[in-house]
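This report refers to the structure that appears directly beneath it.
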Amino acid sequence: MPFTTWMEKNLVSSNSKTLRRWARIIHRDLGFLMVGVSLVYAISGILLNHMNGKDPAFHTEEVTLQAGRGLDSQELTYWWNDKKDVPPLRKILPIDDQHLRLMLDGGVGVYNSVSGTLDYEKHSKRQFVYWINKLHYNQVKGWSIMADFFAASLIFFALSGLVMVKGKNGIGGRGKWYLLLGFIIPVLYIILS
């Protein structure tokens, strides 16, 4: 074997080994660092994907009360303020001739003057979900730096994962088919939607 061929083969092999080694080291250490941030985005993302029209950061309790029939805004205000275990009333707004809207601290209600029923929703904050959603939506001052670092880390994880494994299980073997499938899936969703 000529010296230049041997040198090219060994240098390329040596550079590949070095690249794979450093990819593994950084992938591992950065992976440990990003576990907490990954969990924030993953848990929040799952909750946001399954909102069903409701904010997952709040628990909604629906309550029906029976008031007197035909109450006006002032009478309804007195009636409401005499109740215990109800949210504070901020104001009452007319909806139509038969209905009044109650604006509550942490909720909203509707009074039907014909039937005397008052239906209201009471919202309470789920602190953990509220804060991880704020991080997910990038609504915490200074978080965009961490969010950008996390996004760059994901790019690094994707690219370093391509070179970490060699042989039949790596990018030259079956890995190329998984890589191709990983590109096809989002393209199909775009085309078919």
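Taking a straight Cα-Cα cut-off under 18 Å and skipping sequence neighbours fewer than 8 places away in the same chain, the lysines within cross-link reach of Lys83 are Lys91, Lys122. Since only Val63, Ile95, His136 are under comparison, the one whose Cα sits farthest along the positive direction of the charge dipole of the range 32-139, derived from C-beta charges on Lys, Arg, Asp and Glu, is His136.
Mark the label point 7 Å from the Cα of Ile26 along Cα→Cβ and return the residues of the range 147-178 whose backbone N is within less than 19 Å of it. Residues 147-166, 171 fall inside that zone.
Note on Lys166: lysines with a C-alpha under 19 Å away, same-chain residues under 8 apart excluded, are Lys9, Lys17, Lys176.
Solvent exposure of the chain amounts to 72 Å² per residue of accessible area, where only protein heavy atoms count and the probe is 1.4 Å.
Site pair Asp119 and Leu135 shows an inter-label distance of 3.8 nm when each label is modelled 7 Å from Cα along Cα→Cβ. Evaluating 6.51 cos²θ - 1.76 cosθ + 1.60 at θ = phi - 60° for every residue in the range 35-51, the Karplus couplings come out as 4, x, 5, 4, 5, 4, 5, 5, 5, 4, x, 4, 4, 5, 5, 10, 6 Hz, glycine and proline recorded as x. A straight line joining the Cα centroids of the range 108-137 and the range 138-167 runs 36 Å. Of the accessible area of the chain, computed with a 1.4 Å probe over protein heavy atoms only, carbon and sulfur atoms account for 62 percent.
Distance between the modelled labels on Ile191 and Lys84, one decimal in nanometres: 6.6 nm (7 Å Cα→Cβ projection).
Sparse packing (at most 12 other Cβ atoms within 10 Å of the Cβ) combined with a DSSP loop state is found for the following chymotrypsin sites (Phe, Trp or Tyr not before Pro) in the range 125-158: Tyr137.
Using R₀ = 35 Å, calculate the FRET efficiency as 1/(1 + (r/R₀)^6) where r is the Cβ-Cβ separation of Ile145 and Thr18; round to 0.05.
Details: r = 31 Å, r/R0 = 0.87.
Calculated transfer efficiency: 0.70.
The charge dipole of the chain, taken about the Cα centre with unit charges on the Cβ atoms of Lys, Arg (+1) and Asp, Glu (-1), comes to about 1700 debye, rounded to the nearest 20.
The alpha-carbon atoms of the chain, seen along their principal axes, cover 103, 37, 20 angstrom, with the largest extent given first.
The values are calculated or read from the model by the stated rules, or taken from the named source; none is laboratory data. Computed from a predicted model, the values in this text were never measured in an experiment. With ideal geometry, Cβ positions are generated from the backbone for all residues, glycine too; neighbour counts draw on all protein chains shown. Please note that ligands, DNA and RNA were not included when accessible areas were found on the heavy atoms of the full protein model with its side chains. Shrake-Rupley method; radii C 1.70, N 1.55, O 1.52, S 1.80 Å.
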